[in-house]
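Only one structure is covered here, and it is reproduced in the block below.
The values are calculated or read from the model by the stated rules, or taken from the named source; none is laboratory data. Here the structure is a predicted model, which is why all the values come from computation and not from measurement. Every residue, glycine as well, gets a Cβ built from its backbone with ideal geometry; the counts of neighbours run over all protein chains shown.
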Amino acid sequence: MFCFQCQQTAGNKACVNTGVCGKQPSTSNLQDELICELIRLAEAAELTKKSIQQKKETDPKLLSRYLNNRKSADRLLIDGLFTTLTNVNFDDKSIKDYINEVQKNQKDIMRCMPTDICNISDIAYKNSPTTNMNSSIANMNFSDTNMNSSTANINPPTCGLKDPHDIPVISLWDGTDDIVSLRSTLLFGLKGMAAYAHHAMNLGYQNDNVTTWFYKGLCEVNREHSVEEWIELIMEFGKVNYQCMELLDKANTESFGTPTPTKVHTDIRKGPFIVVSGHDLRDLDLLLKQTEGTGINVYTHCEMLPAHGYPKLAAYKHLAGNFGTAWQSQQTEFENIPAPVLFTTNCLMPPRPSYEDRIYTTSVVGYEGMVHIEGTKDGKKDFTPIIKHALKLGGYEHDHSMSGINGGHILTTGFAHGAVLSHADKLTAAIKNGDIKHIFLVGGCDGAHPGRNYYTEFVKQTPMDSLVLTLACGKYRFNDLDLGEIDGIPRILDMGQCNDSYSAIKVALALAEAFNCDINELPLTLVLSWYEQKAVCILLTLLALGVKNIYLGPTLPAFMTETVVRFLVDTYNLQPITAPEQDMDAILGRG
Ligand code: FSO
Ligand code: SF4
């Protein structure tokens, strides 16, 4: 196995035996295989589309069959990429089944290709000799003269391509370090964007530009490019991901209302309950509907906390509070609770025997031996197994204080862009008159890395005349701190999940407009923590939008080579975090 896609990768280099996340070599290899099959699917779909377009007269039946199959491919690409994200799916069987489904779709799509037109010369022939060329391709006759010398002996067919496995797919980790790094940056960004597109799609929202870019992105991963071309592609991707984040924001707010500041309890009421983790608001909504009137209370865990801010979700009286802290503490926090836990997305850790029978997965999440709640094609889900389990366990006999694990206090969430910008005048006035001298966005993922207490210390050191915007699960490092208020505005404002990073960008852009300045001229500093691939796509979006001076930690991505890091530092003044006081001094221009 070879995997270096997340922050906790072994030795900050790569996991090559078993993943630090618990991923086994067989799973890792299957995930790579799945990525290659998704690339092949994207190539097959684009190739077929082009062939159909090149026909003088389009056969309407063929076109409609193609469009139907392409619709299935949209979902397969998005969910397939999401499946391979860190801490999502550890279940070899489900990944194998998924690969089979993708291969079936590749064939169905290619059956729509007009028999007399074939464009295989458009695809990966510019790849290096390390490309896994299928021998049937290698023996075909070339008519294309536009090839580089390393592949000039490989001949594309003139027509009649039928088998998806005739489409060459790159070896993901082969090539010079810089090229593997740039290819990986785009691939990991695509994985992150797939998570956003997945949630939006679950709510019935799609954006053609975004969906089309999954095809384009995967095909480009399968090409050779110069460093400059890779960077251009990565920046283009960052802009498309912004559209995807905007789409998800629209999907969530139109479905569940504009988030409003909401107080959330952290203790557990007596009686049966279910804990819901992950990011998918639709799954939470479905579960809340199905548990209404059953006497079961539902508690959010980790990244599900911001769900309390959405009016339509908050309206469920049995959405009772938030349980525990960030994902990396789940193995101790889930140990003794008398309740089952539902994982709608990441971050799932290998469950300990003491609670493994209480873990349920749904959607792209998977773990061998856990009960998986499958959805129907039209998105219906039956949560009866977990509901019955919760009733059987019965919960606590009395109201239960969770003060041992982050309980015993009230958290506040719901400060997404709608809520913050409804006070835009107050905010700009406070900045103008000096009541607010600086705004920090301290957000991103949490994790087990020891250096992550940097973020707690950093927030503790923020001056009293500064605001701290936050989002994602990294907030659990400091969201129980009482930092007080400025003019009635709480100093810590929870803008939502990592999936809501759009909110932070929107607020920053609105402030820049109000002050008639560039985003980089605002008294605003982004201090980010990264863990998995959603953080990668967010970072690429920020860079593509021209945001500079971002502080990033706890370590820089292992998949970024010195050349790539140097480019980011030189162009965007990206700063690896150092020590809280040192960075604070630099940001505020002290000492
Ligand atoms: Fe945290 Fe996990 Fe939201 Fe990430 S739960 S670490 S960016 O997967 O998803 O912030
Ligand atoms: Fe290692 Fe992260 Fe890959 Fe898991 S996802 S195998 S921890 S690099």
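Among the numbered criteria (1) without any contact (Cβ under 8 Å) to a residue 12 or more places away in the chain; (2) surrounded by fewer than 14 Cβ atoms within 10 Å (Cβ to Cβ), which one does GLY546 miss?
Of everything listed in (1) without any contact (Cβ under 8 Å) to a residue 12 or more places away in the chain; (2) surrounded by fewer than 14 Cβ atoms within 10 Å (Cβ to Cβ), GLY546 misses just condition (1).
Which is crowded, with 16+ Cβ neighbours inside 10 Å, touching a strand residue (DSSP E or B) at 6+ places or on another chain (Cβ under 9 Å) and under 30 Å from LYS23 (Cα atoms), of MET402, MET370?
MET370
Can you confirm whether PRO338 is surrounded by fewer than 22 Cβ atoms within 10 Å (Cβ to Cβ), under 25 Å from ARG452 (Cα atoms) and modelled with pLDDT of 95 or more?
no
Out of the residues in region 266-313 meeting the condition of being among the basic types (Lys, Arg) and in contact with a strand residue (DSSP E or B) (Cβ under 6 Å, 6 or more places away or on another chain), tell me which one is nearest to TYR396 (Cα to Cα).
LYS270
Is there any pair linking a residue in region 178-195 that is of a type in the set (Asp, Glu) to one that is in a helix (DSSP H, G or I), with Cβ under 6 Å and at least six apart or on different chains, and which?
The qualifying pairs are ASP178/THR563.
So if I check each of TYR360, TYR316, which one is touching a strand residue (DSSP E or B) at 6+ places or on another chain (Cβ under 7 Å) and not hydrophobic (A, V, I, L, M, F, W, C)?
Exactly one of TYR360, TYR316 is touching a strand residue (DSSP E or B) at 6+ places or on another chain (Cβ under 7 Å) and not hydrophobic (A, V, I, L, M, F, W, C), namely TYR360.
Of the numbered conditions (1) in a helix (DSSP H, G or I); (2) within 23 Å of ASP585 (Cβ to Cβ); (3) touching a residue at least 60 places away in the same chain (Cβ under 8 Å); (4) not aromatic (Phe, Trp, Tyr), GLY443 satisfies every one except a single condition; which is it?
(1)
Give region 296-313 a look and list any residue that's over 21 Å from ASP446 (Cα atoms) and among the polar types (S, T, N, Q), or say none.
ASN297
Of (1) surrounded by fewer than 23 Cβ atoms within 10 Å (Cβ to Cβ); (2) closer than 29 Å to SER329 by Cα, GLN497 satisfies all except one. Which?
(1)
Here are some residues: ASP122, ASP92, ASP116. Which one is at pLDDT 95 or above, acidic (Asp, Glu) and surrounded by fewer than 23 Cβ atoms within 10 Å (Cβ to Cβ)?
Just a single option satisfies the conditions, and that option is ASP92.
Please work out if MET349 is within 16 Å of ligand 2 (Cβ to nearest atom) and either under 21 Å from the mean Cα position of the chain (by Cα) or among the aromatic types (Phe, Trp, Tyr) (or both).
Criteria met by MET349.
When both residues are 6+ apart or on different chains and their Cβ atoms are under 9 Å apart, which pairs have a first residue that lies in region 348-365 and is without any contact (Cβ under 8 Å) to a residue 12 or more places away in the chain, and a second that is in a strand (DSSP E or B)?
That search, which allows pairs on different chains as well, returns ASP357/VAL371.
Quick one: in region 446-490, which of the residues that are in contact with a Pro (Cβ under 7 Å, 6 or more places away or on another chain) and within 17 Å of MET584 (Cα to Cα) is surrounded by the fewest Cβ atoms within 10 Å (Cβ to Cβ)?
GLY451
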